[in-house]
C-alpha cells in the first residue's frame, strides 16, 4: 500500500560563495613565487645551473607579499563570524601543522640529498624553525628561505584576535591602529635604521625579526576589506595604500618590486569590489585554477629547497634549463599537493572537529 504521507522536498543546497577571482589571485601569487625562485634566486644561491635566457629570468619578487595581503583580507572578513579565540585557533590549526611537517621533511631531505654548496642545517636550526624564531634570532638558520611568511602571519593573526577581543577595537579605533602599525615602523626605519646608520641588534630584532617590517602587507589586506564593506572611504584607502607602497620600498628585503606589487594591489581591490569575474579564459581554466589555489599554501611551503635540490641534481647530469625549471615547478606542485592532502587537511579537521561541535561563547 502506498504511503499517504507526502515526502518533504529536499532542502536546496547552499550556493557556494567562492569566487574564481580570489583563486586566480592566489594562483598569480604562487606562480610569481615559483618563477622568481626557479629562474633567479635558486641559481644565485646555488651556482652550477645552466641559466635561462635573461628575458626569462624573473628578478622582481612580489608573489609572497601578495599572498600575505590576501591572507589579511580574509582574516578581516572572518574575524567577526566567530569568537576571536576560536577564530585564532582555527587559523593556527590551518597554518602550523603543515608548516611543521614541511620543516621536518625539508630538513631530512637536505641532510640526505643536498648537493655540494647548499648549506646543511643543524638540529638547533630545526628546533628554532619549529619554534618560529628563525626570523627573530640571527643564530638560527632558515630551513627554507621562503618560510619568513609564517611567523609574520602567526603574529598578525594573534594581534587581530587580541584587538577583536570583546569588540573593543572597531570603527575609528581600528583605523587609528592600522595607521599606527603603518607609520610607527616606517618612522623608525627612516629615522634610526637608514643607510650607514649603526643599528642596535635589539632594534633589528624588534623590527625585522618580529615581522613588523612586513606588517604593512596585512594592513593592506584589512584596509581593502574594510573599504569594500563601506567602512573606509576610497580617499582613506588610497592614502593608506600609498603609505603601504612606501613602506614596501623602505623595509627590507631589498629588491622587492614595488611596481608589480602595486599592480597586484589594484587587482585585489578589483576582486574586493567585484569578486565575480566572468572572463572566458578564467571560466575555461576554473578547475585547474581552483585546484592549484587549494594547494597553494602547501606548494609555497615545500617548493624552494627541495625544488632547488632536484633542479641542481638534474643540472649536474647535463639537463638544460628548459628541463630543470619544469622539474623545479613540478616537484613543488607534487609535494604541495601531498602536504595539503596528507597533513594540512586531515590535521585541521582533527583539531577543529570538537571545536566546531562546541557551542560558541
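Every number in this text was worked out from the coordinates using simple rules, so none of it is lab data. Treat the numbers as computed from the prediction; the structure is a model and nothing was measured. Cβ coordinates were reconstructed from backbone atoms using ideal geometry, including for glycine residues, and neighbour counts include every protein chain displayed.
Overview of values
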read-out: Cβ crowding within 10 Å averaged over residues, with 211-222, 68-79, 190-201, 345-356 ranked highest first; value: 211-222, 68-79, 345-356, 190-201
read-out: Relative contact order of the chain, pairs being alpha-carbon contacts under 8 Å that are 6 or more residues apart, as %; value: 30 percent
read-out: Residue order, fewest to most beta carbons within 10 Å, for 328, 234; value: 234, 328
read-out: Choice from 229, 81, 250 showing the highest fluctuation, given a GNM over the chain with Cα pairs closer than 10 Å; value: 81
read-out: Fewest-first sequence of 269, 239 by Cβ atoms within 10 Å of each Cβ; value: 239, 269
read-out: Potential extension, residue 231-residue 281 segment - 0.36 nm per residue separation minus Cα distance; value: 14.7 nm
read-out: Relative contact order (%) - criterion: Cα under 8 Å, at least six apart; region: region 237-361; value: 21 percent
read-out: Global form of region 256-361, assessed from the alpha-carbon gyration tensor, a/c cut-off 1.5; value: oblate
read-out: Cα gyration tensor shape for region 202-309, rounded if a/c is under 1.5, else prolate or oblate; value: oblate
read-out: Where labels lie 7 Å past Cα in the beta-carbon direction, separation of residue 249 and residue 180 in nm; value: 2.7 nm
read-out: Likely footprinting exposure, 316, 23, fewest C-beta neighbours within 10 Å first; value: 316, 23
read-out: Inter-part distance where region 316-339 and region 247-286 are each reduced to a Cα centre, Å; value: 26 Å
read-out: Shape of region 97-237, Cα gyration tensor, a/c cut at 1.5; value: prolate
read-out: Computed [θ] at 222 nm, helices only, for the chain once each DSSP H run of length n ≥ 4 contributes -39500 (n - 2.57); value: -20000 deg cm²/dmol
read-out: Cα centroid separation - region 222-245 against region 50-92, whole Å; value: 18 Å
